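Since the structure comes first, as structure tokens, the remarks are kept for the end.
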Amino acid sequence: MALMFFSEYDDPREWKEHLVALMPDLDVRIWPDLGRLEDIDCALVWKHKPGDLKRYPNLKMIVNLGAGVDYILTDPDLPRGVPIVRLVDPYLTKQMSDYIVLTVLAYHRRFPEFARAQRERRWQYIHPVDPARTRVGVMGLGVLGGDAARRLRELDFQVAGWSRTPKAIDGVASFHGADGLMPFLDRTDILVCLLPRTRDTDDLLDARTLRALPQGARVVNAGRGHLIVDGDLIAALDDGQIAHATLDVFRTEPLPADHPYWRHERVTITPHCASVTLPRTAAPQIIDNLRRLRDGRKLLNRVDPAAGY
Ligand code: NAP
Ligand code: GLV
């Protein structure tokens, strides 16, 4: 079997080493040194060049080298009928939950307020409160949101989640669909956003939905930047409706130097690094899917292009 690799963000040699260790006869070819394009059975790609995937006449599987598939699905020349699978990497999941727990605890223990007070040399005592009185809401209860919700629950927060379909996670209240959105926001002091980018989630967090949160709510977005109408969030931060936002993802990345988020004192920016895929922990499932493909068995973590995730 021949697999072509493309990513401008990852080390191809490291990926090749981990893949070949698990499947010694796998022929890994690194873009652009691909030899005969007819040989390629599988593409392992992150932010590929649009149109490139239609060059392989015998392509049987596309593996998205990451969790979110929004980029791949925007390629108008995606070969029809070729299954797309995404990565569900245990380390990526853990790393994302660590990022969410870190941010939620920082909000809960009032670190942004202490940082502001320190800049002004002000001793501002804020009495810590019981986590059981802080209501965290996780938008998107899939692989990442589900794990983050469980980890937050273990810390004694009151946790709820919002998804397309109802979920049963121990100790986590489930809200779903359009009807569940406003009641979910109404009970959420800290909003964690782990939604994929789809036509239904674009612009979901706007003036109306931000206003549905309790006054002074805090937000963290590590899903995709298109979820948020930036001007509406900035207005909500300015008028105190939202006390703080921690943002890892943006509509345009890198975030342009003149973007108002950079200078906003109630915004914390991280450069789309909440979680990354590691070859060591993700290679086994790619090999598993290659074996499934070879044996004609059902592929794991298959993307539904119609749903967009
Ligand atoms: P996933 O397993 O596919 O879960 C997606 C969740 O979103 C599901 O619970 C789904 O509901 C829900 N959802 C989708 N559309 C919805 C809608 N219209 N209304 C309500 N809920 C909706 O995805 P994942 O692996 O958890 O990853 C989530 C996203 O995180 C990725 O798509 C990617 O954009 C982002 N991400 C970011 C980083 C980073 O470093 N910042 C790293 C990895 C991933 P159902 O369960 O009902 O289908
Ligand atoms: C990163 O953003 C991913 O989707 O894996």
Every listed condition ((1) in contact with an Asp or Glu (Cβ under 9 Å, 6 or more places away or on another chain); (2) within 13 Å of ligand 1 (Cβ to nearest atom); (3) of a type in the set (A, V, I, L, M)) holds for LEU247 save (1)
Hey, PRO254 hits all of (1) surrounded by fewer than 17 Cβ atoms within 10 Å (Cβ to Cβ); (2) within 13 Å of ligand 1 (Cβ to nearest atom) but one; which does it fall short on? (2)
Hits in region 161-204 - residues which are crowded, with 20+ Cβ neighbours inside 10 Å, more than 16 Å from the chain's Cα centre (by Cα) and aliphatic (A, V, I, L, M): VAL172, LEU185, ILE190
Kindly indicate the residue of region 142-160 that is more than 18 Å from the chain's Cα centre (by Cα) and of a type in the set (D, E, K, R) and also surrounded by the most Cβ atoms within 10 Å (Cβ to Cβ) among those meeting that condition. ARG153
So VAL88, is it under 21 Å from ASN289 (Cα atoms), surrounded by fewer than 18 Cβ atoms within 10 Å (Cβ to Cβ), among the β-branched types (Val, Ile, Thr) and touching a residue at least 60 places away in the same chain (Cβ under 8 Å): yes
The listed residue being closer than 24 Å to LEU105 by Cβ, modelled with pLDDT of 95 or more and either surrounded by 19 or more Cβ atoms within 10 Å (Cβ to Cβ) or of a type in the set (Gly, Ala, Ser) (or both), out of ALA274, ALA212, ALA283, ALA235: ALA274
Go through region 22-71 residue by residue and tally those that are within 22 Å of LEU300 (Cβ to Cβ), within 16 Å of ligand 2 (Cβ to nearest atom) and not acidic (Asp, Glu). 13
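For region 185-199, which positions are touching a residue at least 60 places away in the same chain (Cβ under 8 Å) and touching a helix residue (DSSP H, G or I) at 6+ places or on another chain (Cβ under 8 Å)? Lay out the reasoning, then the answer.
Start the filter on region 185-199 by keeping residues that are touching a residue at least 60 places away in the same chain (Cβ under 8 Å), which leaves 190, 192, 194, 196-199.
Within region 185-199, ILE190, VAL192, LEU194, PRO196, ARG197, THR198 meet the criteria.
Going by the structure shown, is ASP147 in a loop (DSSP other than H, G, I, E, B), of a type in the set (D, E, K, R) and in contact (Cβ under 8 Å) with a residue 24 or more places away in the chain? Steps first, answer last, please.
Numbers: in a loop (DSSP other than H, G, I, E, B): no; of a type in the set (D, E, K, R): yes; in contact (Cβ under 8 Å) with a residue 24 or more places away in the chain: yes.
It is false that ASP147 is in a loop (DSSP other than H, G, I, E, B), of a type in the set (D, E, K, R) and in contact (Cβ under 8 Å) with a residue 24 or more places away in the chain.
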Every residue in region 15-58 that is touching a Pro at 6+ places or on another chain (Cβ under 6 Å) and touching a residue at least 60 places away in the same chain (Cβ under 8 Å), please. TRP15, HIS18
Single residue of MET1, MET61 found to be touching a residue at least 12 places away in the same chain (Cβ under 8 Å), surrounded by fewer than 18 Cβ atoms within 10 Å (Cβ to Cβ) and either closer than 17 Å to LEU293 by Cβ or of a type in the set (Phe, Trp, Tyr) (or both): MET1
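The values are calculated or read from the model by the stated rules, or taken from the named source; none is laboratory data. Just so you know, these numbers come straight off a predicted model, no measurement behind them. Glycine also receives a Cβ, built like all others from the backbone with ideal geometry; neighbour counts cover every protein chain displayed.
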